[in-house]
1. Only one of B:279, B:267 is touching a residue at least 12 places away in the same chain (Cβ under 8 Å) and out of contact with any strand residue (DSSP E or B) (no Cβ under 9 Å at 6 or more places or on another chain). Can you tell me which?
2. Just one of (1) within 34 Å of the chain's Cα centre (by Cα); (2) under 27 Å from residue B:87 (Cβ atoms); (3) in the same structural domain as residue B:97 (by TED's automatic domain parsing) trips up residue B:272, so point out which.
3. Looking at the structure I just gave you, is residue A:89 part of a strand (DSSP E or B), touching a helix residue (DSSP H, G or I) at 6+ places or on another chain (Cβ under 7 Å) and within 8 Å of chain B (Cβ to nearest Cβ)?
4. Just one of the numbered conditions (1) over 19 Å from residue B:233 (Cβ atoms); (2) free of Cβ contacts under 8 Å to residues at least 40 places away in the same chain is not true of residue B:86; which one?
5. Give just the number: which of (1) buried (at least 20 other Cβ atoms within 10 Å of the Cβ); (2) within 26 Å of residue B:124 (Cβ to Cβ); (3) out of contact with any helix residue (DSSP H, G or I) (no Cβ under 6 Å at 6 or more places or on another chain); (4) outside the structural domain of residue B:289 (by TED's automatic domain parsing) does residue B:66 not satisfy?
6. What about residue B:242, is it within 24 Å of residue B:96 (Cβ to Cβ), in contact with a helix residue (DSSP H, G or I) (Cβ under 9 Å, 6 or more places away or on another chain) and not in a helix (DSSP H, G or I)?
7. Cβ-Cβ distance below 8 Å, separation of 6 or more or different chains: which pairs start in region A:24-53 with a residue that is without any contact (Cβ under 8 Å) to a residue 40 or more places away in the chain and end on one that is assigned to a loop (DSSP other than H, G, I, E, B)?
8. Give the number of residues within region A:62-86 that are within 29 Å of residue A:155 (Cα to Cα), more than 14 Å from chain B (Cβ to nearest Cβ) and in a strand (DSSP E or B).
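The values are calculated or read from the model by the stated rules, or taken from the named source; none is laboratory data. These numbers come from a predicted model, not from an experiment. Here the Cβ is made from the backbone with ideal geometry for all residues, glycine too, and neighbour counts use every protein chain on show.
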């Protein structure tokens with residue numbers, strides 16, 4: 001798979017100390033425009049894997065390539081900048097800044113990604129356009145993010161992940177707190193956006209019922225080996 | 001945008017942030033207020049007497065002589081004989097000389113005997129002369145010219161009678177020789193405002209029938225008869241002297257200090273003031289030290305506020321990190337917040353200071369004769385304010401570094 005947006009090979013990472021923990025991923029790829037659902041129970045190493053992909057932690061060995069760049073070769077500040085430019089993140093609880101407006105929240109990633117900011121042009125116009133595409137009401141950009149309904153906050157979180165048009169979106173159990181109808185509506189929106197932009201989507205969940213919508217469903221156990229105990 | 005988000009984040013914690021800003025504001029207002037009072041008191045003292053080259057009194061301490069002769073604080077331990085006064089007057093270096101006689105009072109105000117020349121030669125605030133707001137200067141033996149505060153406090157008008165009491169806290173009054181208000185001086189911001197001025201002859205006249213601090217039984221010389229009497233004073237409390245040439249000041253001072261007929265002391269007002277500042281300097285430094293510590297305490301309070309908010313803000317920091325913020329950005333956001341809080345505290349403190357000055361200025365003037373000018377902040381005060389903001393940034397580094405470490409440890413994993 002030559003057009004892989006995400007490519008992990010021989011990655012090993014270990015937490016030292018009392019709660020020693022190690023994670024090994026031999027080979028894991030996500031192709032351009034591909035949607036992958038990564039299933040795993042609590043403690044299966046999902047959060048550690050996402051942190052490694054996002055570059056907030058670095059592996060002890062191995063390569064993590066995103067859009068052709070091995071992020072393990074980058075300095076910490078360059079990894080942060082790379083994350084801002086190449087990865088959109090959607091959290092479990094959407095995690096909008098409670099004191100910011102909708103526009104503040106959506107435009108936040110652009111503040112840390114100068115190239116994407118320049119590419120986006122008028123960031124506010126882009127944010128408004130995304131809000132419109134995601135079915136948010138007119139004039140919502142000036143509202144406090146926390147004043148919106150849960151469904152609207154989901155859309156703002158999606159808009160925030162998409163605004164920089166990153167090649168990879170990582171979603172960390174974004175539907176875990178939603179009922180079945182809301183889950184379906186949220187995924188509908190998310191898939192419509194990532195497909196129109198040819199964005200790769202890596203979603204982590206413990207709910208196998210979501211798998212039907214994804215190109216691939218992978219169990220954490222199939223790609224990662226977790227060991228616990230004294231390091 | 002980061003600044004706007006930092007400010008928005010502060011607004012989200014309005015109560016604790018507001019209390020922190022208030023604490024900084026109060027400490028800054030206190031510090032600048034102490035500084036204002038310190039410089040105001042110095043300026044007020046220094047402005048009290050201007051254009052007088054020497055003050056002459058009985059030999060004591062130079063500060064004591066300055067305090068009782070100019071500021072009406074304390075009393076003379078001895079008087080200067082009229083003969084000594086005449087001898088000094090006759091010296092070739094003397095351009096002008098004005099006698100002062102203190103000792104009696106009216107209500108809570110000092111009565112000062114002097115000559116008409118006092119109104120010509122007494123200068124204050126860089127050479128300003130006394131001016132009569134209403135009436136005129138002394139004409140009759142029993143005329144008084146009163147200071148602005150005397151008139152305002154006692155609601156005196158021209159023509160009102162004044163009974164002078166013997167001594168400073170005495171029930172014995174010179175009831176048989178009432179004075180009348182003949183002139184009211186304009187406000188000067190000096191002890192003159194709280195002084196009842198009469199002629200030297202009047203001081204002599206009201207004591208004609210007195211011996212040993214009490215009126216001689218059955219003796220009351222009529223006022224008209226007193227007006228005809230020779231009322232040359234026997235002694236004075238002090239004298240203000242103007243010298244013809246500045247080069248002659250020290251020669252005259254030495255001559256007076258070495259005067260053989262009685263022990264006298266001649267002081268240069270400016271030098272005595274410096275000596276006074278030297279004495280009060282320790283208290284001044286202590287006061288500044290205390291107010292400095294209050295500022296430090298407020299800044300530590302701000303540090304504690306930021307510290308206590310860190311745990312609840314880990315989610316916020318994780319969001320920033322996930323969006324690509326570097327740990328250094330997290331650190332700078334916290335420092336920025338601290339700078340905003342310190343700057344708002346300083347501005348609010350400055351506002352409180354000027355509000356306090358507007359309210360306190362007439363009270364301090366009325367109660368203590370301390371005139372605080374309401375001027376724009378001085379360069380020194382601007383530096384103090386900038387230093388507080390810089391100190392705010394520095395103390396915030398402690399929680400900011402903690403936040404930096406937390407954000408490195410947490411990464412984008414949101415702690416709930």
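1. B:279
2. (3)
3. Considered against the rule, which asks whether it is part of a strand (DSSP E or B), touching a helix residue (DSSP H, G or I) at 6+ places or on another chain (Cβ under 7 Å) and within 8 Å of chain B (Cβ to nearest Cβ), residue A:89 comes out as yes.
4. (1)
5. Every listed condition holds for residue B:66 apart from (3).
6. Taking the combined requirement at face value, the residue satisfies it.
7. A:29/A:1; A:48/A:57; A:51/A:57; A:51/B:411; A:51/B:412; A:51/B:413
8. 1
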